[in-house]
1. With 10 Å bins from zero, work out the P(r) of segment 25-76 over every alpha carbon pair and list the percent per bin.
2. Report the full-extension gain for the segment residue 77 to residue 42: residue separation times 0.36 nm, less the Cα-Cα distance, to one decimal in nm.
3. Determine the sum of side-chain charges near residue 77: Lys and Arg each +1, Asp and Glu each -1, restricted to other residues whose C-beta is under 13 angstrom from that of residue 77.
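All of the numbers you see were taken from the coordinates with simple rules; none came from a lab. Computed from a prediction, not measured in an experiment: that's the story for all the values here. Here the Cβ positions follow ideal geometry from the backbone for every residue, glycine too, while neighbour counts run over all protein chains shown.
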Amino acid sequence: MAKVKRKIKKEKQAFVSPFKDYWTKENYIILGVGLVIVIVGFLLMSQGPYDNPVSLHISPIVLLIAYLIIFPLAILFKKKKSQE
C-alpha cells in the first residue's frame with residue numbers, strides 16, 4: 001500500500017513582539033529627565049575658566065549619574081502589572 005501524505009493546515013499566527021508595549025509614559029519621562037541632566041552637566045562644564053572646580057569636579061559627576069544611572073533606568077524600567 002502506498003503511503004498517503006496528509007497536509008496539515010497550520011494556522012498562521014501573527015507574530016507578537018514581546019517588546020511591543022514596553023516603553024510606557026514613565027520610561028519617556030525618565031528619559032527626558034536624563035536628557036535634561038545631561039544638558040545641565042554640559043552647561044556646568046562650559047562655565048568659567050578651565051580650572052573652575054565646578055567644571056572639573058561637579059559636572060563629570062552629574063554626567064556620570066545621567067549616563068550610568070538614569071539612562072539605563074529609563075531603558076530597563078518596567079512597571080509591574082497589578083493582579084486583579
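1. 29, 43, 21, 6, 0
2. Gain on extension, residue 77 to residue 42, equals 10.1 nm.
3. Result for the neighbourhood of residue 77: +3.
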